[in-house]
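The structure under discussion appears below in the form of structure tokens.
Bear in mind these aren't lab numbers, they're just calculated from the coordinates by the rules spelled out. The model shown is predicted, which means the values in this text are computed figures rather than measured ones. Note that we place each Cβ from the backbone using ideal geometry, even for glycine, and neighbour counts take in every protein chain shown.
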Amino acid sequence: MAQSKKKSKGDGPIIIKKYANRRLYNTDSSSYITLDFLAEMTRKDIDFNVIDAKSGDDITHSILTQIIMEEEANGETLLPVGFLKQIISMYGNSMQSMVPQFLDASMTNFRKNHKQIQEVLENVVTSGPFGNIAKQNIEFAKAARDALLPTSKTNIDNSSKDVEIAALKKQMAELQAKLDNLDT
């Protein structure tokens, strides 16, 4: 990614060793980890490389692909069938060398714009005459979500932005209804 990534205690990325028994070893924390842990590191933008312990080959790409496959298989579908078919059709195509850079730049821009939109919505909702109420409602919604949803932290992280946006939309509608009632 073009974004700056969080680093390990050292100067470079965290080195994860993958052994023949399929176990992953985090050399930074000196502990065995899971693919779910690597997915969480990715979500937190922590830079790492996965190295095959026997051959020394960098297998980061295949491990990240494996994480995506597991997420997709567990019902966390993000990639539509049409998109997957288009990606497959690009293999061997003369445009194949351009696709990785295009996808990387597109995703980087998408994440940047998503953060900006979220910040604008939060500022709009929390800066008006009902700003304190909106802030309290946002915190209440977050607390309720965390208390009521028996999902893992990973799933909460994935859907928290969607929940926050939905809560903000609901609050904006409620505030608009209150303002409409004040006019009458």
#### Entry: Helix-derived mean residue ellipticity, 222 nm - over the chain, DSSP H n ≥ 4, -39500 (n - 2.57), to 500
-20500 deg cm²/dmol
### Summary
Long-range amide H partners of D28, meaning residues 5 or more apart or on another chain whose placed amide H is closer than 5 Å, are I15
### Message
With the cut-off at 32 Å, tell me which of the pairs K85/K142; K85/K135; K44/K178; K44/K170 have Cα atoms farther apart than that.
### Response
K85/K142; K85/K135; K44/K178
### Average Cα contact separation per residue, the chain, under 8 Å, 6 or more apart, as relative contact order %
15
### chymotrypsin sites (Phe, Trp or Tyr not before Pro) lying in DSSP loop within segment 28-122, provided at most 14 other Cβ fall within 10 Å
Y91
### Task
Please give the FRET efficiency for Q86 paired with E139, using the beta carbon to beta carbon distance and R0 = 41 Å, rounded to the nearest 0.05.
0.50
### Message
On a full-extension model of 0.36 nm per residue, what is the gain between E72 and F37, subtracting their alpha-carbon distance, rounded to one decimal in nm?
### Response
11.0 nm
### Task
Would you please calculate the Kirkwood hydrodynamic radius of the chain over all C-alpha pairs and express it in Å, rounded to one decimal?
19.9
#### Entry: Rounded to 10°, Cα long-axis angle of helix 99-127 versus longest principal axis of the chain
30
### Message
Of the candidates M98, M41, M107, which one comes out as most mobile in a Gaussian network treatment of the chain with C-alpha springs shorter than 10 Å?
### Response
M98
